[in-house]
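A short write-up of the structure that comes next.
The values are calculated or read from the model by the stated rules, or taken from the named source; none is laboratory data. In this text the structure is predicted, and so the values were computed from the model without any measurement. Reconstructed Cβ throughout: ideal geometry from the backbone, glycine too, with neighbour counts over all protein chains shown.
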Amino acid sequence: MNLENKAVIITGGASGIGLAAVQLFLAHGAKVAVVDINKQLGYKLVEQTNNDNLLFIHADITNESECEQAVGKATSHFGDLDVLINNAGIEIVSPVHEMSLLDWNNILHVNLTGVFLMSKYALKHMITKQKGSIINTGSVGGLVAWPDIPAYNATKGGVIQLSKSMAVDYAKYQIRVNCIAPGIIDTPLNEKSFMENHSESLEEVKKEKAKVNPLLRLGKPEEIANVMLFLASDLSSYMTGSVVTVDGGYTAR
């Protein structure tokens, strides 16, 4: 899974699964552009990593012009674009009858429209070179319904179908598009979600959440990053339109 000199864009790469992917891809020789809305975490990552193959681009993936500029900056800086990982996402805990339209639109724009916009401008480059790999972070919430997060479930279902559609449409250009559906992963995003409407300690809630998986533990960000690395590499050269569940056996029941 050598990615020596491969140019990669990772959205939401300043924390959680995205951060694990950034570190793993750099270790395998890739040149990585992190696109994230969090300036503080982004520049801290660059400072701590101290690697010339890492570039931070501050951008809001719900803004079309910023997505176009982000892809342009990355391709200009590295001279190429081989892989796009659409990983940025948010989660809002609220049943439909209590959810505001503002919250609905916010999660829709980040989780689904952001994937569309980043893919739109990455594809323009990949079509020209007749090669590329796009990896989208979906969720098992796009395959089965998790309680109290209907908007999240809906957007992740949309990401899965968008991934399949792009895989079919761009296979003729030798562009592969795959989707990863993580289960419950121990990330800062999920920690915030865990504590919604819970009075127990964070560790107690994590132990309770882990019980839903046959492996009886939460997933680690690096375990998702490992699958991203495989899908970005030539070892997965015959895979496109796939939805890879990485969920500790959750959806096997």
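Could you tell me whether V177 is within 22 Å of K6 (Cβ to Cβ), touching a helix residue (DSSP H, G or I) at 6+ places or on another chain (Cβ under 8 Å) and either in a loop (DSSP other than H, G, I, E, B) or aliphatic (A, V, I, L, M) (or both)? Spelling it out, V177 is indeed within 22 Å of K6 (Cβ to Cβ), touching a helix residue (DSSP H, G or I) at 6+ places or on another chain (Cβ under 8 Å) and either in a loop (DSSP other than H, G, I, E, B) or aliphatic (A, V, I, L, M) (or both).
Out of the residues in the stretch 39-92 that are hydroxyl-bearing (S, T, Y) and touching a His at 6+ places or on another chain (Cβ under 8 Å), state the one that is farthest from P182 (Cα to Cα).
That would be T75.
Do we have any residue at all in the stretch 90-98 that's surrounded by fewer than 21 Cβ atoms within 10 Å (Cβ to Cβ) and closer than 18 Å to K6 by Cβ? Looking through the stretch 90-98, none of the residues is surrounded by fewer than 21 Cβ atoms within 10 Å (Cβ to Cβ) and closer than 18 Å to K6 by Cβ.
In the stretch 95-114, is there at least one residue being within 15 Å of I10 (Cα to Cα), modelled with pLDDT of 95 or more and in contact with a helix residue (DSSP H, G or I) (Cβ under 6 Å, 6 or more places away or on another chain)?
yes
Any idea which residue in the stretch 210-249 is surrounded by the most Cβ atoms within 10 Å (Cβ to Cβ), counting only those that are under 25 Å from A30 (Cβ atoms) and charged (D, E, K, R)?
Within the stretch 210-249, the first condition is being under 25 Å from A30 (Cβ atoms), and the residues that meet it are 219-246.
Remaining after also requiring charged (D, E, K, R): 220, 222-223, 234.
On the way: K220: 14, E222: 15, E223: 17, D234: 10.
Out of the qualifying residues, it is E223.
Would you confirm, using the coordinates I've provided, whether V35 is in contact with a strand residue (DSSP E or B) (Cβ under 9 Å, 6 or more places away or on another chain), of a type in the set (V, I, T), touching a residue at least 40 places away in the same chain (Cβ under 8 Å) and closer than 22 Å to L229 by Cβ? It is true that V35 is in contact with a strand residue (DSSP E or B) (Cβ under 9 Å, 6 or more places away or on another chain), of a type in the set (V, I, T), touching a residue at least 40 places away in the same chain (Cβ under 8 Å) and closer than 22 Å to L229 by Cβ.
Every residue, every condition in (1) among the aliphatic types (A, V, I, L, M); (2) in a loop (DSSP other than H, G, I, E, B), yes or no:
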residue: N213; (1), (2): no, yes
residue: R217; (1), (2): no, yes
residue: L235; (1), (2): yes, no
residue: T245; (1), (2): no, no
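Exactly one residue out of S193, S242, S199, S233 is modelled with pLDDT under 90, small (G, A, S) and within 26 Å of L112 (Cα to Cα), and it is S193. Of all residues in the stretch 78-91, those that are within 18 Å of A232 (Cα to Cα) have Cβ atoms under 7 Å from Cβ atoms of residues that are assigned to a loop (DSSP other than H, G, I, E, B) and at pLDDT 95 or above, 6 or more apart or on another chain, in D82/K6; V83/K6; N87/G12; N87/G13; A88/G12; A88/I61. Taken over the stretch 74-130, the criterion of being in contact with a strand residue (DSSP E or B) (Cβ under 8 Å, 6 or more places away or on another chain), within 12 Å of V159 (Cα to Cα) and not aliphatic (A, V, I, L, M) is satisfied by N86, N87, G89, G114, S119. Among the candidates S199, S165, single out the residue that is more than 15 Å from the chain's Cα centre (by Cα), in a loop (DSSP other than H, G, I, E, B) and surrounded by fewer than 21 Cβ atoms within 10 Å (Cβ to Cβ). Just a single option satisfies the conditions, and that option is S199. Kindly check whether there is at least one residue in the stretch 57-69 that is polar (S, T, N, Q), touching a helix residue (DSSP H, G or I) at 6+ places or on another chain (Cβ under 6 Å) and either modelled with pLDDT under 95 or surrounded by 15 or more Cβ atoms within 10 Å (Cβ to Cβ) (or both). Yes - at least one qualifying residue is present in the stretch 57-69. The helices (runs of 4 or more DSSP H) found wholly in the stretch 48-144 and carrying at least 2 residues that are among the charged types (D, E, K, R) occupy 64-78, 114-129. Within the stretch 103-141, the residues that satisfy the criterion of being polar (S, T, N, Q), crowded, with 16+ Cβ neighbours inside 10 Å and closer than 20 Å to N190 by Cβ are N111, N136, T137, S139.
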